Amino acid sequence: MAGVEMLPREYGYVVLILALAGILNFWMSSQVSKARKKYNVQYPTMYALESENKDAKFFNCIQRGHQNSLEYLPMFFIFMTVGGIKHPIIAAVLGCVYVVARFFYFKGYSTGEPKNRLTFGAYNFMALIGLILCTISCGVGFLRA
């Protein structure tokens, strides 16, 4: 494959973690769809109103867990993709921590008690910071080459 020779072999781990993040996103989306049926929240309503739906908080927590993950997904993809060029193993490990922590972030949020998202889910932010540092290191490395 043209261009692949320029990337380290271990970059394959980065690609696999990116795929895993996409799979997690599909799964979270399916959980929101199930919650729409369970709590009777029709499209295009993004968030349920507590004045109209006694289960609004439960649905909104599930929706918010997915929405927050979507908000961070572009940054994760960029930092993972670029930081992994120079540091593929470190980026893959941090990416794996990010994806697993995001799963627990979503599961905690889905309990209907928002603070539960941070039990293990808070580690996703530390992993993202590590990926930012990998990306900065990659950029500095390009400038020094």
Q. How far apart, in nm, are the 7 Å Cα→Cβ label points at Ser29 and Glu52?
A. 2.4
Q. Given charges of +1 on the Cβ of Lys and Arg and -1 on the Cβ of Asp and Glu, with all other atoms neutral, how large is the dipole of the chain about its Cα centre, in debye to the nearest 20?
A. 280
Q: Based on other C-beta atoms within 10 Å, arrange Ser110, Ser29, Ser137 from fewest to most.
A: Ser29, Ser137, Ser110
Q: Averaging over all projection directions, find the projected area of the Cα convex hull of the chain and quote it in nm² with one decimal place.
A: 10.0
Q: Quick one: how many lysine pairs does the chain have with C-alpha atoms less than 25 Å apart and a gap of 8 or more or different chains? Give me the count, please.
A: 17
(Q) As an exercise, use a Förster radius of 22 Å and the Cβ-Cβ distance of Val93 and Ile136 to find the FRET efficiency, rounded to the nearest 0.05. (A) 0.80
Q: Work out which helices of the chain, taken as complete DSSP H runs, extend at least 15 Å along their axis over the Cα atoms and score a mean Kyte-Doolittle of 1.0 or more, then list them.
A: 88-109, 123-144
(Q) Please give the Cα centre distance for the range 1-41 versus the range 100-145, rounded to the nearest Å. (A) 15
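Every number in this text was worked out from the coordinates using simple rules, so none of it is lab data. Being a predicted model, the structure only gives us computed values, none of them experimental. Quick reminder, even Gly has a Cβ in these numbers, built from the backbone with ideal geometry, and neighbours come from all protein chains shown.
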